[in-house]
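K.L.:
What follows is a structure written as structure tokens; I'll ask about it next.
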Amino acid sequence: MNAPPDPRLHSRSRPRPRLRARRDVVVSLSVVVLLVVCVIAGHLLLDDAALRPNSAPRSSPPGVEHPFGTDHLGQDLFTRVVKGLALSLGIGVLTAAISTAVSAVLGICAALLGRRVDGVVSWLIDLSIGIPHLIFMILLAFTVGGGVPGIVLGIALTHWMSLALLVRADVKQIRGAEFILVSRGLGRSPLFIARRHVLPLVLPQLLVGFVLMFPHVILHEAALTFLGFGFSPQTPAIGILLSEGMPHISSGMWWLAVFPGLALLLLVLGFARLGDRVRTVLDPATSNG
Amino acid sequence: MPRLVLLRLLRLATLLIGVSVLAFVLVRNSPIDPVQAYIGADVNITDEQLARLREQWGLDRSPVEQYLAWAGTLVQGDFGTSTLYKAPVLDVMGARFGASLALMGVAWTMSGVLGYLLGVAAAMHRGRLADRVVSWYSYTLSATPTFWLGIVFLVVFSVWLGWFPVGLAGPQGVPATDVTFAQRLHHFVLPALTLSAVGVANIAMHTREKMTDVLNSDYVAFARARGETTAQIFRNHGFRNSVVPATTLQFAYFAELFGGSVLAETVFSYPGLGSTLTEAALGGDVPLLLGIVLVSALFVFTGNLIADVVNAATDPRIRRRA
């Protein structure tokens, strides 16, 4: 579309839009990498002793010794939050990877294997969109019996739809290309075509999809755990910290409720920003921001 | 148009059957034994009574037979008996659906209107302060865990400022029938505020993008060249082109709205369908769980159906094709 160029983008003080978008990606990526490194380093370096009851004053507000304060058992909240974020990251990577794989397989199949498969996939997409994510996850957690398998399965199976639609649309555009028709004429199987010709072309789309999915996955894991369907109460997950902190906020211990959520928010925001900016660089037409 | 509605209704029926099969299969394969969950810690029950319960609930038949029997009673309007509440599922859901509907209705309307206005304002002042504030707000809110926002509201408004009570739809210890409307409202504000604040982000971002496209179009450039003022441009071109996608989006938002209300209701112990769902799943109340899952799916499918119909009814290009 021929939108009139924004005059500000051509003034001398600002780099050209394309360059600016790339610079933004580098900035976002650095922030995210820094966050991730800090969380992992903290997870490895922070001493579990801080989690043992009675090792510190109980219910103390944030201070120099305990930057996020301590809970009613004297556990250091900062240590617990860092460990919780590390757990979120791990679950996030695993689940988003599975979900991306599901989108890729179903999206490519729908586009390559004819109308009937396409119909089945789009019915599946409608079905999965129709049950509220959280409720589908609760159902799955109920079936699997909670814990890590329930979280991973539930979240992976509720986040593949939009990416699958994008992949399907992309593949439909290239499936009529000459190199694919030639390959098909030579008697190559659909699997071969999908692997050798289609997958490399949709890989950038999958990568962006993965990064964009990541924040949703982390948020849903926290919500599921908070409701009592995710990690067990012994795990230092963010959702557990928040549900444990809830009963204490009326006695004024606000830090128990504020810091775990704030830390999660920052992590999610970092990844969401990165995903949007990568999309802007790879595909400037469909994004604006 | 009627054909489109009919096709959509047919699809809705197949989807509902799909959901019921899926939910049934998932629940049947769970490690929780419904009979055990029903009797709970009651030790005075004999093996004979257990066997009779199993037979009565049809647990000794094949899964397909069980599904068909269950679906048959569903069609007759019998959702079974809640094991937690010892009452018909329909009654349990009916009492709570109203509370949830009020909560979601208010949040849906407020977030829709406010989000649309903010999105329009951002697009009209693109790159300036208003745009930055709206974008920043939407971005942050879409990265915020809904339940955490509820907790923060509790900390700020209930604990620090003392304006609102900490949870429940009415004061504790007062029979439900004696709760006044004002008290009810008092307990209603924070959950509604939480849901609205989260909902605004989605619609504001989309309206901002849509409106920006409209303002960058050739016909708006021409309108400007003709001397139309900004207000005229909005009235003549911007409003119609942006309000339909916003409405569609808001109807398609039903799924997230329902999920959000599960979280908000749990945080504020608001006795709606969402907090009951959590209770049912944690307490192994299979009939109630299945009932709420089906109702939520029906709710979301209806939203998507309305979105499609609104789209078709207002857009002549789609209307002609259908």
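K.L.:
Expressed as an acute angle from 0 to 90° and rounded to the nearest 10, what is the orientation of the C-alpha long axis of helix A:161-174 relative to the principal long axis of chain A?
P.N.:
That works out to roughly 20 degrees.
K.L.:
Please report the relative contact order for chain B, taking Cα pairs under 8 Å with a sequence separation of at least 6, and give it as a percent rounded to a whole number.
P.N.:
Working: 340 pairs, mean separation 89.7, N = 322.
Averaging sequence separation for qualifying contacts and normalising by length gives 28 percent for chain B.
K.L.:
Continuing with the same structure: How high is the relative contact order of chain A, given as a whole-number percent (alpha carbon pairs under 8 Å, six or more residues apart)? Write down the numbers at each step before the final one.
P.N.:
Numbers: 354 pairs, mean separation 65.8, N = 289.
The normalised contact order for chain A reaches 23 percent.
K.L.:
In peptide A:118-128, what is the residue-averaged number of other protein chain Cβ atoms found within 10 Å of each Cβ? Mind dumping the intermediate values first?
P.N.:
On the way: counts 0, 0, 0, 0, 0, 4, 1, 0, 7, 10, 3.
The per-residue average across the peptide is 2.
K.L.:
Kindly state, to the nearest 0.05, the FRET efficiency for B:Val5 paired with A:Ser189, given R0 = 51 Å and r defined as their beta-carbon distance.
P.N.:
On the way: r = 42 Å, r/R0 = 0.82.
Calculated value: 0.75.
K.L.:
Same structure, new question: Find the centroid of the Cα atoms in segment A:104-137 and in segment A:195-221, then give the distance between the two in whole Å.
P.N.:
Taking the Cα centre of segment A:195-221 as reference, the centre of segment A:104-137 is 16 Å away.
K.L.:
Next question. I'd like the projected area of the protein assembly as shown, averaged over all directions, using the convex hull of its alpha carbons. Report it in nm² with one decimal.
P.N.:
Numbers: hull surface 137.6 nm².
For the Cα atoms of the protein assembly as shown, the hull's average projected area reads 34.4 nm².
K.L.:
Would you mind computing, in nm to one decimal, how far apart the modelled labels at A:Glu178 and B:Phe222 are, each placed 7 Å from Cα along Cα→Cβ?
P.N.:
3.9
K.L.:
Next question. Where in chain B are the helices, taken as whole DSSP H runs, whose Cα atoms extend 30 angstrom or more along the long axis and whose Kyte-Doolittle mean reaches at least 1.0? Before the final figure, lay out the partial values.
P.N.:
Details: long enough: B:2-28 (39 Å, 1.79); B:89-124 (50 Å, 1.44); B:181-215 (46 Å, 0.49); B:286-314 (42 Å, 1.89).
Helices meeting the span and hydropathy rule in chain B are B:2-28, B:89-124, B:286-314.
K.L.:
Then there's this: I'd like the projected area of chain A, averaged over all directions, using the convex hull of its alpha carbons. Report it in nm² with one decimal.
P.N.:
On the way: hull surface 80.6 nm².
Taking the Cα atoms of chain A, their convex hull projects to 20.2 nm² on average.
K.L.:
So for chain B, taking the charge dipole from beta-carbon charges (+1 Lys/Arg, -1 Asp/Glu), which of B:Ser135, B:Ile203, B:Ala231 sits furthest toward the positive end?
P.N.:
Value: B:Ala231.
K.L.:
How crowded by other chains is A:249-258, given as the mean number of beta carbons from other chains within 10 Å of each beta carbon? Mind showing how you got there, number by number?
P.N.:
Values: counts 8, 6, 1, 3, 2, 7, 1, 2, 7, 5.
Neighbouring Cβ atoms belonging to other protein chains average 4 per residue here.
K.L.:
Now for a different question. Pop a pseudo-label 7 angstrom from the Cα along the beta-carbon direction at both A:Ser30 and A:Leu282 and give the gap in nm to one decimal.
P.N.:
2.3
K.L.:
For chain B, rounded, prolate or oblate, judged on the Cα gyration tensor with a ≥ b ≥ c (square roots of eigenvalues), a/c < 1.5 rounded, else prolate if a/b > b/c? Each step should come with its number before you reach the end.
P.N.:
Details: a/c = 3.08, a/b = 1.63, b/c = 1.89.
It comes out oblate by the Cα gyration axes.
K.L.:
Quick one: which bits of segment B:116-147 get at least 40 Å² less accessible when the partner protein chains are in, versus the chain alone, with a 1.4 Å probe?
P.N.:
Relative to the lone chain, where solvent access is computed with a 1.4 Å probe, segment B:116-147 loses at least 40 Å² at B:Arg126, B:Tyr139, B:Ala143, B:Pro145, B:Phe147.
K.L.:
Might you tell me the accessible area per residue for segment B:239-322, computed with a 1.4 Å probe and given in Å²?
P.N.:
For segment B:239-322, the per-residue accessible area is 35 Å².
K.L.:
May I ask you to compute the full-extension gain from B:Leu74 to B:Val156, defined as 0.36 nm times their residue separation minus their alpha-carbon distance, rounded to one decimal in nm? Walk me through the numbers on the way to the answer.
P.N.:
On the way: separation 82, 0.36 × 82 = 29.52 nm, distance 4.46 nm.
Full extension from B:Leu74 to B:Val156 adds 25.1 nm.
K.L.:
Okay, moving on. Quick one: which residues, 5+ away or cross-chain, put their amide H under 5 Å from the amide H of B:Ser82? H built at 1.01 Å from N.
P.N.:
B:Ala87, B:Val89
K.L.:
So for B:Phe258, A:Phe78, B:Phe188, what's the accessible-area order with a 1.4 Å probe, most first? Spell out each step's value before the answer.
P.N.:
Details: B:Phe258 0, A:Phe78 70, B:Phe188 30 Å².
From most exposed to least exposed: A:Phe78, B:Phe188, B:Phe258.
K.L.:
Taking a probe of 1.4 Å and counting only protein heavy atoms, give the total accessible area buried between chains A and B in Å², rounded to the nearest 100.
P.N.:
By this definition, chains A and B bury close to 4400 Å².
K.L.:
Something else: Have a look at B:Leu84, B:Ala192, B:Val286 and report the one farthest towards the positive end of the charge dipole of chain B, computed about the Cα centre with Cβ charges (Lys/Arg +1, Asp/Glu -1).
P.N.:
B:Ala192
K.L.:
Also, I was wondering about something else. Measure nothing but the geometry: give the 0 to 90° angle between the long axis through the Cα atoms of A:133-144 and the longest principal axis through the Cα atoms of chain A, rounded to 10°.
P.N.:
70
K.L.:
Determine the gain in length on full extension of the stretch A:Leu266-A:Arg18; use 0.36 nm per residue of separation and subtract their C-alpha separation, reporting nm with one decimal. Don't skip to the answer; put the middle values down first.
P.N.:
Details: separation 248, 0.36 × 248 = 89.28 nm, distance 2.65 nm.
The A:Leu266-A:Arg18 span can extend by a further 86.6 nm.
K.L.:
So how tilted is helix A:17-45 from the main axis of chain A? Cα-based, degrees 0 to 90, rounded to 10.
P.N.:
With rounding to tens, the tilt is 40 degrees.
K.L.:
With the other protein chains left in place, how much accessible area per residue, in square angstrom, belongs to chain A at a 1.4 angstrom probe?
P.N.:
So chain A comes to 48 Å² accessible per residue, rounded to a whole number.
K.L.:
Any chance you could look up the accessible area of B:Glu228 with a 1.4 Å probe, heavy atoms only, rounded to 10 Å²?
P.N.:
The accessible area of B:Glu228 comes to roughly 40 Å².
K.L.:
Let me ask you something else. Which whole-number value in Å² is the accessible area per residue of segment B:111-162, probe 1.4 Å?
P.N.:
Values: 2250 Å² over 52 residues.
Roughly 43 Å² per residue, with all protein chains present.
K.L.:
Would you tell me the accessible area of A:Cys38, worked out with a 1.4 angstrom probe on the heavy atoms of the protein chains, in Å² to the nearest 10?
P.N.:
Answer for A:Cys38: close to 80 Å² accessible.
K.L.:
Let me ask something additional. Could you rank B:Glu209, B:Glu48, A:Glu221 by how accessible they are, 1.4 Å probe, largest area first?
P.N.:
Sorted descending by solvent-accessible area, the residues read B:Glu48, B:Glu209, A:Glu221.
K.L.:
With each label point set 7 Å from Cα along the Cα-Cβ vector, what nm distance links A:Ser162 and B:Asn29?
P.N.:
2.8
K.L.:
Carbon-plus-sulfur fraction of the accessible area of segment A:176-242, 1.4 Å probe, in percent?
P.N.:
Values: 2030 of 3050 Å².
Of the solvent-accessible surface of segment A:176-242, carbon and sulfur hold 66 percent.
K.L.:
Heavy atoms only, probe 1.4 angstrom, no DNA, RNA or ligands counted: give me A:Arg18, A:Arg279, B:Arg96, A:Arg115 ranked by accessible area, highest first.
P.N.:
Values: A:Arg18 125, A:Arg279 90, B:Arg96 45, A:Arg115 215 Å².
Solvent-accessible surface, decreasing: A:Arg115, A:Arg18, A:Arg279, B:Arg96.
K.L.:
For chain A, modelled as a GNM with alpha-carbon contacts under 10 angstrom, which of A:Val82, A:Val211, A:Val36 fluctuates the most?
P.N.:
A:Val36
K.L.:
Next question. For chain B, what is the mean residue ellipticity at 222 nm derived from helices alone (per DSSP H run of n ≥ 4: -39500 (n - 2.57); sum divided by total residues; nearest 500 deg cm²/dmol)? Intermediate values should be presented prior to the final figure.
P.N.:
On the way: 15 runs with 235 residues, N = 322.
Computed mean residue ellipticity for chain B: -24000 deg cm²/dmol.
K.L.:
Something else now. If you roll a 1.4 Å probe over chain B with all protein chains in place, what percent of the accessible area is carbon or sulfur?
P.N.:
Ligands and nucleic acids excluded, carbon and sulfur give 64 percent.
The values are calculated or read from the model by the stated rules, or taken from the named source; none is laboratory data. Here the structure is a predicted model, which means the values were calculated and not measured. Quick reminder, even Gly has a Cβ in these numbers, built from the backbone with ideal geometry, and neighbours come from all protein chains shown. Heavy atoms of the whole protein, side chains included, go into the accessibility calculation; ligands, DNA and RNA do not. Shrake-Rupley method; radii C 1.70, N 1.55, O 1.52, S 1.80 Å.
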